[in-house]
Amino acid sequence: MKDFEVKPGQEIQGFIHSLESFGTVDGPGVRFVVFMQGCPLRCRYCHNPDTWAFQQGRTLTAPELMAEISRYRSFIQKGGVTLSGGEPLAQPEFCAELLRLCRAEGLHTAVDTSGAVPLEHCRKAVDEADLLLLDIKALEPALCKALTGRDNTEALNLLRYCERGSKPVWLRHVLVPGITLAREGLERLADFIKPFTCVQKVELLPFHKLGAYKWKAMKLPFSLAETPEPSQEELELAAEIFRSRALTFTI
């Protein structure tokens, strides 16, 4: 697990891809969003493949980044700070320290995660967060592996951990026509989610190709180039399935 470790005596620095000072889609309210560099997954629909590589990007200590966040305190006081990526929990020590600093400043925190990092490596960071935005790429392990390169074991372990600890979770699921946007699969997912009291809402995210130009620029094959974006009828199908289970959702 070399991607998740800090050497003894090494100052904890975070590898940062970019910062957004006025985010409105990464948790409640207006938020300062920290996009971390590095991700262990290779999602076929990823719109930020430039965040995949580890040990790249701008380096900052948690206090240095906190100083930058504090400049926007008046704008995010009723929102908060979200750690996104990439995969933020792949840098768990840095994230835990930054989340503690945010808590000390009275700022709400969220971690946007794929759940791909084993819980034993990231538990402290998870515990420090006020909210998890957790991706469920696919409920079926084989389909999840085909979409991302890994199965969903760690993500489901993380969801169950949040349930045991009553950690608030917003689940995210990308709707890809012909892959994750199919009646039977969505019904299984909705039925699976229904018993989890920690899940405050489900965000159903229509597949898009806005990041396709990055794949081209990086000379990476974009396997979903010919996949259409969801039709209105397909989105209504998904909505009806989650509505029929009385699940709180957005689409």
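Worth a mention:
- Once the mean of 1/r is taken over each pair of separate Cα atoms and inverted, segment 95-164 shows a Kirkwood hydrodynamic radius of 12.7 Å.
- Hull-based mean projected area of segment 86-222, where the convex hull spans the alpha carbons, in square nanometres: 9.2 nm²
- Spacing of the two label points (7 Å from each Cα toward its C-beta) at residue 78 and residue 213, in nm: 3.4 nm
- Assuming charge only on the beta carbon of Lys and Arg (+1) and of Asp and Glu (-1), the dipole of segment 81-192 about its Cα centre is about 100 debye to the nearest 20.
- Rounded Å value of the spacing that divides the Cα centres of segment 43-74 and segment 81-140: 13 Å
- Solvent exposure, largest accessible area first (probe 1.4 Å, DNA, RNA and ligands not counted), of 171, 237: 237, 171
- Dipole-positive endmost among 59, 235, 27 within the chain (Cβ charges, Cα centre): 59
- In units of the rule-of-thumb radius 2.2 N^0.38 Å, segment 1-153 shows an alpha carbon radius of gyration of 1.00.
- Computed across segment 144-251, the Kirkwood hydrodynamic radius from all distinct Cα-Cα pairs reaches 15.3 Å.
- Among 11-17, 94-100, the order from most to least packed when residues are scored by Cβ within 10 Å on average: 94-100, 11-17
- Taking the C-alpha atoms only, the angle from helix 232-244 to the longest principal axis of the chain is near 80 degrees.
- 0 to 90° range, to nearest 10: angle between helix 153-165 axis and the chain longest Cα axis: 70 degrees
The values are calculated or read from the model by the stated rules, or taken from the named source; none is laboratory data. Every value quoted in this text rests on a predicted model; they were computed, and no experiment measured them. Positions of Cβ are backbone-derived with ideal geometry, glycine not excepted, and every protein chain shown enters the neighbour counts. When the accessible area is computed, the model is the full protein with side chains, heavy atoms only, and any ligands, DNA or RNA have been set aside. Shrake-Rupley method; radii C 1.70, N 1.55, O 1.52, S 1.80 Å.
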